[in-house]
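Please treat every number below as a calculation from the coordinates, not as lab data. Predicted model, so just to flag it, every value in this text is computed and none were measured. As a convention, Cβ positions derive from the backbone with ideal geometry for all residues, glycine included, and neighbour counts pool all protein chains shown.
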Amino acid sequence: MYRGDDAQDGGAIEAPTADGPLRVEVGPRRISLRVADRALHVADPFATLIEGKRQESLKLDGRLVVARDVPREDLGIWIELLDKQPGMRRIFGVAPISLLEPDGLAALQRLDRVARRVRAALADHARSSFSTSRAVAAAPPARDVGRAVEIGRGLDKVLLADLGDHHVVYARRLFRDRAHVALVIHGDGRVVIHDGKLRHELAVTSKFGILVSGDYLRFTDRHGTDLGRVAIPWITVEDREELARRIGQLVDRVGRR
């Protein structure tokens with residue numbers, strides 16, 4: 001039986017998803033998520049992944065971030081890895097039942113409630129510093145992630161971490177198991193493009209200076225002159241446009257203060 005947001009520690013909450021029933025159990029300093037033959041168990045100091053007969057444990061050195069997909073409403077959990085190649089890896093996720101199904105809306109509402117419960121249960125793990133990662137050394141002092149959004153499908157999702165006055169965008173490279181920093185966007189219009197070990201800093205003045213061109217996000221000045229670009233492959237044009245829109249919202253929102 002589904003239990004809502006009032007589930008107490010040790011209780012179970014459930015939501016139907018396209019992957020089957022998602023069951024979440026929360027206890028003191030632990031949380032377990034299970035759907036079909038996949039499971040995620042989080043208890044200090046490890047996150048343990050189970051898929052069929054395979055099991056993998058990851059040390060919780062960085063953040064655990066709960067993200068929702070735009071516009072598909074998937075629920076994803078990402079871990080920040082702080083090894084020799086820092087980045088974010090999506091370690092668990094489910095997709096909602098289609099809204100075209102008779103009970104699709106009710107199922108999505110249940111998934112929303114479960115997502116809020118999971119986010120609350122993992123709040124302590126989400127407070128580790130993004131800025132401890134060498135990959136985001138150009139970012140301001142650490143802030144909690146206000147919201148995390150994933151865009152795209154499957155392994156090719158892009159993660160956008162909203163840290164208030166700046167965003168960090170993670171994108172996966174070919175044959176890599178994790179997403180690396182592609183962009184750090186500040187509300188004052190400063191953009192730091194990460195290309196391997198290279199860093200390129202530029203500045204845009206409004207959302208109109210952030211454009212989509214093929215696989216790239218392009219940045220221009222108020223005269224339309226190119227300032228720089230970054231490849232965000234593997235996602236659709238529509239997804240790339242959504243990413244550009246969200247970056248533009250930050251620039252306009254903070255820039256008007």
* Structure fact -> The helix 104-121 Cα axis meets the longest alpha-carbon principal axis of the chain at an angle in degrees, between 0 and 90 and rounded to 10, of 80
* To do: Report relative contact order for the chain in percent, whole number only (criteria: Cα-Cα under 8 Å, sequence separation at least 6).
  => 12
* For helix 237-255, what angle does its Cα long axis make with the longest principal axis of the chain, in degrees from 0 to 90 and rounded to 10? -> 70
* **Förster-model FRET efficiency, 35 Å R0, R199 and A106, C-beta, rounded to 0.05** => 0.15
* Which label marks the calculated value of Rg/Rh (Cα atoms, Kirkwood Rh), given the options [x] 0.98; [y] 1.05; [z] 0.95? -> [x]
* Could you work out how far apart the two model spin labels at F208 and D37 are, taking each label as a point 7 Å from the Cα in the direction of the beta carbon, and quote it in nm? => 5.5
